[in-house]
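The values are calculated or read from the model by the stated rules, or taken from the named source; none is laboratory data. All values reported here derive from a predicted model rather than from experimental measurement. Here the Cβ is made from the backbone with ideal geometry for all residues, glycine too, and neighbour counts use every protein chain on show. Please note that ligands, DNA and RNA were not included when accessible areas were found on the heavy atoms of the full protein model with its side chains. Shrake-Rupley method; radii C 1.70, N 1.55, O 1.52, S 1.80 Å.
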Amino acid sequence: MPTQALFSPFEYKSLTLKNRIVMAPMTRMFSPGGVANEAVADYYALRAAGDVGLIISEGTGVARAASLNEPNAPRFHGAAELAAWKQVIDRVHAAGGVMAPQLWHVGAVPGQTAGWAPTPIDSPSGLLLAGKKVGEPMSESDIADTIAAFARAAGDAKRLGFDAVELHGAHGYLIDEFFWDATNTRQDRFGGATLRERTRFAAEIIQAVRAEVGADFAIIVRLSQWKGQDFTARMAHTPHELESWLSPLVAAGADILHCSQRRFWEPEFSGSELNFAGWAKKLTGQPTISVGSVGLSGDFISAFGGESSTPASIDGLLERLERKEFDLIAVGRALIVDPDWARKVGAGRFDELKPFDRTALGTLV
Ligand SMILES: Cc1cc2nc3c(=O)[nH]c(=O)nc-3n(C[C@H](O)[C@H](O)[C@H](O)COP(=O)(O)O)c2cc1C
């Protein structure tokens, strides 16, 4: 199939992209002591040189003591940390790339490194799952400080020269814990019986980020129905509920909605082929990014479990892009194993694409 739908340019506010391929945010934990070092800059610059249209960084922690749950995940605050990120964006630009950091707070989700845990954790109601208490609810002043930390990080991203920011509002981490009724049982204005009411925390972050970065700097917001705590979780059961979740975020200033699925071809609601990003675009009119198992035979959670994935056809993706169901497509694991994935696809060199298995996560190349 012709690949031009994937290789047409895209422009929106501060973003001018040469194609529709986005490197998905992927935590790699190769930033010793939270500082993204030269190897991290090399890694991203290589993907920029390989013709990725937009690189979204691994999740990087905002300035709250509990924002990260692993010691070698990068921070996005502090002089040494920001100087390191400046080196990353300069290298990416020099290689012809465009990049946004993914601003992250892990909320109540624990890490895997024994003896290393942020205390106290930040979360809406101290819950990791319904009924599973792991801490205390955030106070109003914790919430205000966290909103300010996201805004400061976004302002720093713009000052360092990044082209946009992404807010990690997906996968059961802090912002998503406010969306989800299982983890947000607050009785104040940050809680509520409806999904619309539970968007307040995210909306206030987006507004604060917008005030910091100005009207023309693109704000991407990543969202998911599924959670790391429950892969089957669904917060919006109908297009109407989805609209009630997304429209307050767009009204607050979200520009591009990055709709995380494990398999991009799965319909979001019965009776339509549209996926999550397709519905988000239809309901809000905003540009959207889809993601999930592009060019690979198995999904990333199965891959974490040890299943290998082999290269798979992207024809279904090209058809959806042709139909303009969504605007951009994020590619994760395929870009971990092959920095030249975009270039190879553009040249029709499909026979050179590589399989993925989890051993690839052990090195940063
Ligand atoms: C090693 C790894 C780390 C990830 N870390 C993050 C992350 O920091 N933030 C995030 O939003 N998603 C993260 N994800 C999910 C990816 O962004 C993406 O949605 C997922 O891998 C599906 O895309 P793929 O099937 O093309 O790999 C991670 C995925 C992998 C494989």
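In summary, the lysines within cross-link reach of LYS133, defined as a Cα separation below 20 angstrom excluding same-chain residues under 8 places away, comprise LYS227. Overall size of the stretch 183-289 from C-alpha positions, given as principal axis extents largest first: 39, 35, 24 Å. Spin-label model, ASP351/THR310: points 7 Å from Cα along the beta carbon direction are separated by 1.6 nm. Is there a pair in LYS324/LYS354; LYS18/LYS282; LYS13/LYS158 whose C-alpha atoms are over 22 Å apart, and which pairs would that be? Flagged as over cut-off: LYS324/LYS354; LYS18/LYS282. The trypsin sites (Lys or Arg not before Pro) found in the stretch 231-330 that occupy coil by DSSP, while having at most 14 further C-beta atoms within 10 Å, are ARG234, ARG263, ARG323, LYS324.
Over the chain, accessible surface divided per residue gives 37 Å², non-protein components excluded, 1.4 Å probe.
Please state the Cα pair-distance histogram of the chain with 10 angstrom bins from zero: what percent is in each bin? That works out to 5, 26, 37, 26, 6, 0, in percent per bin. Expressed to the nearest 5 percent, the antiparallel share of DSSP beta bridges inside the stretch 1-119 is 25 percent. Annotation: amide H-H contacts under 5 Å for VAL106 (H modelled 1.01 Å from N, sequence separation of 5 or more, or interchain): LEU68, LEU174.
Legend: residues GLU38, GLU212, sorted from most to least accessible area (1.4 Å probe; ligands, DNA and RNA excluded), read GLU38, GLU212.
You can think of it this way: the chain between SER141 and ALA360 has 74.7 nm of extra reach, that is 0.36 nm per residue less the Cα-Cα gap. For the chain, with all protein chains in place and a probe radius of 1.4 Å, 53% of the accessible heavy-atom surface sits on carbon or sulfur. DSSP bridge analysis restricted to the chain gives an antiparallel fraction near 20%, rounded to the nearest 5.
Projected label points at GLU38 and THR16, each 7 Å from Cα along the beta carbon direction, are separated by 3.2 nanometres. Each residue, ARG159 and THR194, gets one label point 7 Å from its Cα in the Cβ direction; the gap between the two is 3.9 nm.
Mean residue ellipticity at 222 nm, helices only, the chain: -9500 deg cm²/dmol; runs of at least 4 DSSP H residues each add -39,500 (n - 2.57), and the sum is divided by the number of residues. The candidates SER297, SER224, arranged from most to least accessible area with a 1.4 Å probe in the full protein assembly, appear as SER297, SER224.
If you find the alpha carbon centre of the stretch 1-60 and of the stretch 298-365, how far apart are they in angstrom? The stretch 1-60 and the stretch 298-365 have Cα centres separated by 14 Å. In order along the stretch 131-140, the phi-based Karplus estimate (6.51 cos²θ - 1.76 cosθ + 1.60, θ = phi - 60°) of 3J(HN,Hα) comes to x, 9, 7, 10, x, 9, x, 5, 7, 4 Hz; Gly and Pro are listed as x.
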